[in-house]
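Data block below; observations after.
Bear in mind these aren't lab numbers, they're just calculated from the coordinates by the rules spelled out. Note that the coordinates shown come from a computational prediction; the quantities given were computed from them, not determined experimentally. FYI the Cβ positions are ideal-geometry reconstructions off the backbone, even for glycines, and counts take in every protein chain you see.
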């Protein structure tokens, strides 16, 4: 790669890293961004102002730091409007929420995390629930474990190779062998269970979405505070996941 192109690629990479940093740490100043990311302050200033000029980040209301800007929404909306997994799943998420009376989520793997593409709040609550754009740790949420369970051992090993299994609750599985054992159980029964592993007081079950080559492309799940209600709905979640997987077959137009 020519020097100029390599330099441009590195600059773009740094800019995207800053955007992700601001997303994860809203309100930080340019000086703090430069310090935390080990970037020359003048370079950080230039990249921040470039991102700001494209509305990808913006100053916080107090003018002291930066936060994600409205410029990220148009490309995000385009992705959501054309994402086949989300398009096929949305009607069934609504039905599943009505049938189970629980909160319903749709997630896909993004790097080493689970990215939420959609969510529906439980019918008894007045608001519409949507977590799209949020991420959750793959090792301790049912969506993540449902996806991991259907991956090959080599793929799981590579994904977890440099990943710390961070503890979120007393029930979080932080031992790699214990997690692999849990994934084996998940694969055998067809659904994953989050036993208050990510959030205290919240139980979840999830089932994988599979493509025509028997590869996991996402997962749907329900969550709530009543263990028996969640577990009793596991087979229903699995059935809906199979329907959505069928719709995602290349032989079916979305």
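Can you confirm whether the range 36-58 contains a residue that is over 17 Å from residue 17 (Cα atoms) and loosely packed, with under 12 Cβ neighbours inside 10 Å?
no
Does residue 8 satisfy the condition of being in a helix (DSSP H, G or I), over 19 Å from the mean Cα position of the chain (by Cα), surrounded by 15 or more Cβ atoms within 10 Å (Cβ to Cβ) and free of Cβ contacts under 8 Å to residues at least 60 places away in the same chain? For residue 8, the condition - in a helix (DSSP H, G or I), over 19 Å from the mean Cα position of the chain (by Cα), surrounded by 15 or more Cβ atoms within 10 Å (Cβ to Cβ) and free of Cβ contacts under 8 Å to residues at least 60 places away in the same chain - is not met. The residues of the range 22-35 that are in a helix (DSSP H, G or I) and buried (at least 19 other Cβ atoms within 10 Å of the Cβ), listed by number, are 22, 30, 33, 34.
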